[in-house]
1. If a residue must be surrounded by fewer than 22 Cβ atoms within 10 Å (Cβ to Cβ) and away from every other protein chain (no Cβ under 11 Å), how many such residues does region B:46-61 contain?
2. Output the residues belonging to region B:125-145 that are buried (at least 20 other Cβ atoms within 10 Å of the Cβ) and within 14 Å of chain A (Cβ to nearest Cβ).
3. Inspect all residues belonging to region A:207-217 and state whether any of them is at pLDDT 95 or above and either touching a Lys or Arg at 6+ places or on another chain (Cβ under 6 Å) or crowded, with 24+ Cβ neighbours inside 10 Å (or both).
4. Here are the criteria: (1) touching a Ser or Thr at 6+ places or on another chain (Cβ under 8 Å); (2) closer than 20 Å to A:ARG233 by Cα; (3) β-branched (Val, Ile, Thr). Tell me which single one A:THR50 does not satisfy.
5. Considering region B:8-52 alone, what residues qualify as being modelled with pLDDT of 95 or more and in a helix (DSSP H, G or I)?
6. Which condition number does B:HIS203 fail, the rest of (1) over 16 Å from the mean Cα position of the chain (by Cα); (2) of a type outside the set (Gly, Ala, Ser); (3) closer than 20 Å to B:LEU84 by Cβ; (4) modelled with pLDDT under 90 being met?
7. Please tell me if A:PHE191 is over 30 Å from A:LYS157 (Cα atoms) and of a type outside the set (Gly, Ala, Ser).
8. Residues that are buried (at least 16 other Cβ atoms within 10 Å of the Cβ), within 11 Å of chain B (Cβ to nearest Cβ), among the acidic types (Asp, Glu) and assigned to a strand (DSSP E or B): does region A:395-407 have at least one?
Amino acid sequence: MKPLSDPETLAPAEEAAVENPSVGIDQTAGNFTYDVKYEFDAGTGLNENTVRYISSVKKEAQWILDFRLKALKTFESMPLPTHWATKDLENIDFNKIRYYLSQGQKPKRTWEEVPDDIKNTFERLGIPEQERKFLAGVEAQFDSEAAYSNIKDIVAKQGVIFCNSTEALREHPELFRKWFGKVIPTADNKFSALNSAVFSGGSFIYVPPGVKVAQPLQAYFRINAENFGQFERTLIIVDEGAEVTYMEGCTAPKFSTSTLHSAVVELVAMKGAKIQYITVQNWASNVYNLVTKRGLAHEEAEIKWIDCNLGSRLTMKYPGVILKGRKARGEVISIALANDGQHQDTGAKMVHAADETTSTIVSKSISVGQGRATYRGVVHIPKHLKGCKNNTECDALLINTNSRTDTYPAITVRGDQHAVQHEASVSKVSEEQIFYMQQRGLTEGQAMSLSVNGFINDLARQFPMEYSVELKRLIDLEMEGSVG
Amino acid sequence: MHSLEIKDLHVSIGDKEIVKGLTLTIKTGEVHAIMGPNGTGKSTLSKAIAGHPDYTITSGDVLIDGKSILEMEPDERARAGVFLAFQYPSEIPGVTIANFLRAAQQARLAEGEELDATAYYKKLYSKMDMLKIDRKFTSRAVNEGFSGGEKKRCEILQMAMLEPIFSLMDETDSGLDIDALRIVADGVNAQRGEKLGVLLITHYQRLLDYIVPDYVHVMWDGRIVKSGDKSLALDLEARGYDWVKQELAAKA
């Protein structure tokens, strides 16, 4: 296996970086690091001792340790999925990664208590400000553990639980254990197995029956350390008739070596419940982002994934919904922007397992320079069901002549009582269009980013305002740096 | 007063020379019409002035107030006051006219300066009222699914909002029925005045019934071969371009 620092295998993405002094979660604003002293460090490399170390510092119950050790065996026995996925996965050296780094086990409830370096990190990323403005609760994870976690009193009083997975395992084991690993089994794929072995942090949310959480809950995942792997585990359970919107943001500084982010996110929507899960990731261009996300929708429940993928070296992510109950609805809306040296391999998975279930997939990808965007979609409707509907639409926009996009839709529909629709398009920003916009006074970069924003406009409109503004700004930055 | 000077301009597309030594000066307050049969280089002239990358200026110069603009990017030329009303305007999917114009206005401000949104919309609505454009129009994506008339009206609205010093209007009348033509002409006439110089490129005399030019030039094979006042357009209409051709042949 080649070392990660091999110049041939490292993406030439630095050139695309833009200097921008404005505050926010763009890649340059996220490109800073603090020399933090870690109290807990599982060392470099992965073996049984690593897993035992993580479990012991968390003072976990025996069943969790057993679960982890079994997952480690599964991880070791599974090959990399390079028979269908990119060979770039082979450049991940699992022996050079640090699997657990933290300063402590218990997140602080106020920002004042958070250690200065970590507090400064999140201040620079604008998290406390967003919390004050429009969030019902925030969890801020720094490397392996949450440094800060708080939920507004008014929401907590309704019985809503919002904490990290470490705390949840300690304080709400009965709720956690019931659904943990049920939506995404350990052996779902090699990276879900890896996460199951070494997971740490991530959010746990429980919303009691009938409670509609008005403001979003947000988690922010920050990687600070080099040669590090972040493996958060998120489990969201929304009880009958309840509703929640969860948003996550992520950044990491740009190191010369690669960083691994491999999360597992499980959602459970009970009868009539609604979950909206929004991601705006903006990883530095050396992060391998290999994430498994899936929701289980019971009768008349609705799960909606809104997924914006910017940055990273390689992202592989296919949020899915298992439509288990009658009339359940699933939706995936995804936007991916692949800049030079980046590969966004994203898509969606819809498994229809009950009558009259409905799924919608809308995917838009933008490839810039030598960036590559891949769409993979799975829609499965078995023969014995009736009245199922799927609508899939995937559109790709190519910015330069050497940009690349691939589409691999796999729609399996058996039986004749279903309605399925699939539309795909590839378009290019033409030279005439750019000239036209320049003739009105926009620079080439501004013209490009306006075109890209126009391309995703109908999707971005569905986001909460704060996030669509942020997304637009991130795209502006990406596009400004891509021309010249 | 400002001037746009075109000096002995030669323009090629690839290896083919299209404009072959054209000289013309336009001052603010003036409306010049360039007429000529298809393929004589009228549209090439306007695109070359605007800085289209496919058009190479092999020699000559274009100056605004004595300063050459040939080293400037298309957007810099636009911000310097050159507006091109396109014969075939591009579609910009997903970008509304209101947002597009807002971005164009924002691009004219200094770094760090934010456009005053209220003032912007006030101006937009007053221009739309002037051009008798429905309020709903600007929430549509730029030129997407527009009829020929709507496209041209959209160009005129952009011109009204961006307030150029020189407007190059490329075959603004093409594809318009008589009602649309009148509306577009009214729009241009409303903007006529001491602050604006217009270069009107047209194939037909018809447009000049509505936008009456101060000067008329006949373009033939990449050059201006005849200039006069508005009566020249009428002569052309009556006698056809062959008349100019014969005159040229006689001179030679």
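The values are calculated or read from the model by the stated rules, or taken from the named source; none is laboratory data. Since the structure is predicted, the reported quantities are computational estimates derived from the model, not experimental observations. Note that we place each Cβ from the backbone using ideal geometry, even for glycine, and neighbour counts take in every protein chain shown.
1. Within region B:46-61, residues that are surrounded by fewer than 22 Cβ atoms within 10 Å (Cβ to Cβ) and away from every other protein chain (no Cβ under 11 Å) number 6.
2. Matches in region B:125-145: B:VAL142, B:ASN143.
3. Scanning region A:207-217 turns up at least one residue that is at pLDDT 95 or above and either touching a Lys or Arg at 6+ places or on another chain (Cβ under 6 Å) or crowded, with 24+ Cβ neighbours inside 10 Å (or both).
4. Going through the list (1) touching a Ser or Thr at 6+ places or on another chain (Cβ under 8 Å); (2) closer than 20 Å to A:ARG233 by Cα; (3) β-branched (Val, Ile, Thr), A:THR50 breaks only (1).
5. Within region B:8-52, B:THR44, B:LEU45, B:SER46, B:LYS47, B:ALA48, B:ILE49, B:ALA50 qualify.
6. Exception for B:HIS203: condition (1).
7. On the way: over 30 Å from A:LYS157 (Cα atoms): yes; of a type outside the set (Gly, Ala, Ser): yes.
Taking the combined requirement at face value, the residue satisfies it.
8. Scanning region A:395-407 turns up at least one residue that is buried (at least 16 other Cβ atoms within 10 Å of the Cβ), within 11 Å of chain B (Cβ to nearest Cβ), among the acidic types (Asp, Glu) and assigned to a strand (DSSP E or B).
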